[in-house]
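Notes follow the structure.
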Amino acid sequence: MDFSLSSEQTMMVDATRRMVAEDIEPVLAANNPDKPLPKPAALAILQAASRMGITAARLPQAEGGAGLSALDYGLICEQLPTMAAFLIQCQETAVLRLHYGSNPEQRKRFLPDLIAGKRIATTATTEPDGGSDPRGTRTTAVDQGDHVVVNGNKMWITNGSIADIVNVTCRRGGPNDGRNLMRVVIDRDESPFEAREIDVIGMRQSHLAEMVFDNCRVPKANCFGESGDAAKILTVTWLAGRCLLGLAAVNLATRAFEATRAYAGVRKQFGTYIGGFQLVQQGLSDMETAIVASRLLCYNALSAIDRGERANGLSAMAKRFTIDSCDRAIAIGMRLHGAMGLSRELGIERLARDVRMLSIPDGTPEILTLIHGREITGLDAFRPTASESKPRR
């Protein structure tokens, strides 16, 4: 068991860091840190990511992607500023979801511009009453000639306010049990819809939106996959997504740790550097331990996905532990900075706000606990059925 990076992985990580320094950080710094990025700035980041091949990181090379493993993609995502990671991961996941189940004509029509970063994509699944239960989707798609008419509301959609292409999870009437979930791809140019920004405490440069589809007419040629495959596609892509969110938290906690370690070497109290105090060293030790443990849990889950193993429990465990641990690590860093930790000038408080934004997407801590518990016991705590499997012993 070798925990060191290969030479290829090291080169990939170094190239990502250079891209961040040269192409992403200047864009973020040039815009208001407390307002969502203008769409041209978001496109500039996506186009930089496209040159690195990570707008279609996990797509096979034969289909125009980079063909990266889940672990290699995670190594890249860990280096990205969290706002950019949100933007790029949303685009990459949408590309992957559009690829699965699409026909050649659909792929040719939608994917090239998304991979090139010329247009922005997102997936709209979460609803006001169904965030943790995609099978409870109420948004409907009703056949009407050579179109389907989409009606419903979506909430907390990353990139929703600036998206050109939206992969919408809908249903076609009947019992709301998930078997009739379908995917409809809405091109904003041909099927307009409403979207508004949602003001939140962290990730202030990113875009979270409410989307309203009111008799939105969409060509039937934009219906993807087979009816009933939407839940499966969402679940498969969520597994890696949870780990990628965890690694975004690792990025934030690492920045807090590095700032705190540097501060402990220059700040004096009682005539000596605070880095020499036992409790300050304990705090730094706790921070680094949380970071390393979180990173390895995420890497382990991503490696299991690459091996084709069932990673439902591993990915749920990785995200839940990582976000909580990195949240605590950043809080320790704030305390060790004393009053400076509360200042907006220093930026530690921004890391604290941003890490809180990672707890909810792709499964709340409570839902992840139940997913992990189901993997342990074989019993479903939130959707018991008559055909439930026997308890594991």
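The values are calculated or read from the model by the stated rules, or taken from the named source; none is laboratory data. All figures in this text were calculated on a predicted structure; none of them were measured in a lab. We place every Cβ from the backbone using ideal geometry, glycine too, and count neighbours over all the protein chains shown.
Number of residues in the range 358-374 that are in contact with a helix residue (DSSP H, G or I) (Cβ under 7 Å, 6 or more places away or on another chain) and crowded, with 17+ Cβ neighbours inside 10 Å equals 8. Within the range 265-282, identify whether any single residue is of a type in the set (Ser, Thr, Tyr) and within 30 Å of ASP2 (Cα to Cα), and answer yes or no. No, that holds for no residue. Number of residues in the range 69-110 that are part of a helix (DSSP H, G or I) and under 12 Å from the mean Cα position of the chain (by Cα) equals 15. Which condition breaks for GLU127 when tested against (1) charged (D, E, K, R); (2) part of a helix (DSSP H, G or I); (3) over 23 Å from LEU71 (Cβ atoms)? Unmet condition: (2). Every listed requirement among (1) at pLDDT below 95; (2) under 11 Å from ALA253 (Cα atoms); (3) of a type in the set (Asp, Glu) is met by ASP327 save one, (1). Evaluating GLN61 against the criteria (1) on the phi > 0 side of the Ramachandran plot; (2) at pLDDT below 95 leaves one unmet condition, (1). For the structure I just gave you, tell me whether HIS147 is within 18 Å of PHE224 (Cα to Cα), in contact (Cβ under 8 Å) with a residue 40 or more places away in the chain and not assigned by TED's automatic domain parsing to the domain that holds ALA66. The answer is yes for HIS147. One residue stands out among those in the range 130-168 that are part of a loop (DSSP other than H, G, I, E, B) and among the β-branched types (Val, Ile, Thr): the one that is surrounded by the most Cβ atoms within 10 Å (Cβ to Cβ), which is THR137.
Between ALA331, ALA293, ALA318, the distinction of being crowded, with 23+ Cβ neighbours inside 10 Å and closer than 24 Å to GLU78 by Cα belongs to ALA318 only.
One residue stands out in the range 46-60 among those that are of a type in the set (A, V, I, L, M) and surrounded by fewer than 24 Cβ atoms within 10 Å (Cβ to Cβ): the one that is nearest to ARG204 (Cα to Cα), namely ALA48.
When the range 168-199 is limited to residues that are modelled with pLDDT under 95 and in contact with a Leu (Cβ under 8 Å, 6 or more places away or on another chain), the one that is farthest from PRO38 (Cα to Cα) turns out to be ARG171. Please work out if ALA339 is surrounded by 21 or more Cβ atoms within 10 Å (Cβ to Cβ) and either over 19 Å from the mean Cα position of the chain (by Cα) or under 15 Å from LEU244 (Cα atoms) (or both). So ALA339 does not fit the description; no. Cβ-Cβ distances below 6 Å connect the following pairs, each with a first residue in the range 283-310 that is of a type in the set (S, T, N, Q), a second residue that is surrounded by 19 or more Cβ atoms within 10 Å (Cβ to Cβ), and a separation of six or more residues or different chains: SER294/VAL250; SER294/THR322; SER294/SER325; SER294/CYS326; SER303/LEU71.
Residue count for the range 262-309 under the criterion of being of a type in the set (A, V, I, L, M), part of a helix (DSSP H, G or I) and either more than 31 Å from the chain's Cα centre (by Cα) or outside the structural domain of ILE330 (by TED's automatic domain parsing) (or both): the result is 4. If the condition is being part of a strand (DSSP E or B) and in contact with a helix residue (DSSP H, G or I) (Cβ under 6 Å, 6 or more places away or on another chain), then the range 185-215 contributes only VAL185. Quick one: is PRO134 farther than 19 Å from ALA195 by Cβ and assigned by TED's automatic domain parsing to the domain that holds PRO40? No: the conditions fail for PRO134.
ALA262 falls short on exactly one of the conditions (1) surrounded by 13 or more Cβ atoms within 10 Å (Cβ to Cβ); (2) at pLDDT 95 or above; (3) not acidic (Asp, Glu), and that condition is (1).
No other residue among ASP354, ASP362 is acidic (Asp, Glu), assigned to a helix (DSSP H, G or I) and not assigned by TED's automatic domain parsing to the domain that holds GLN205 apart from ASP354.
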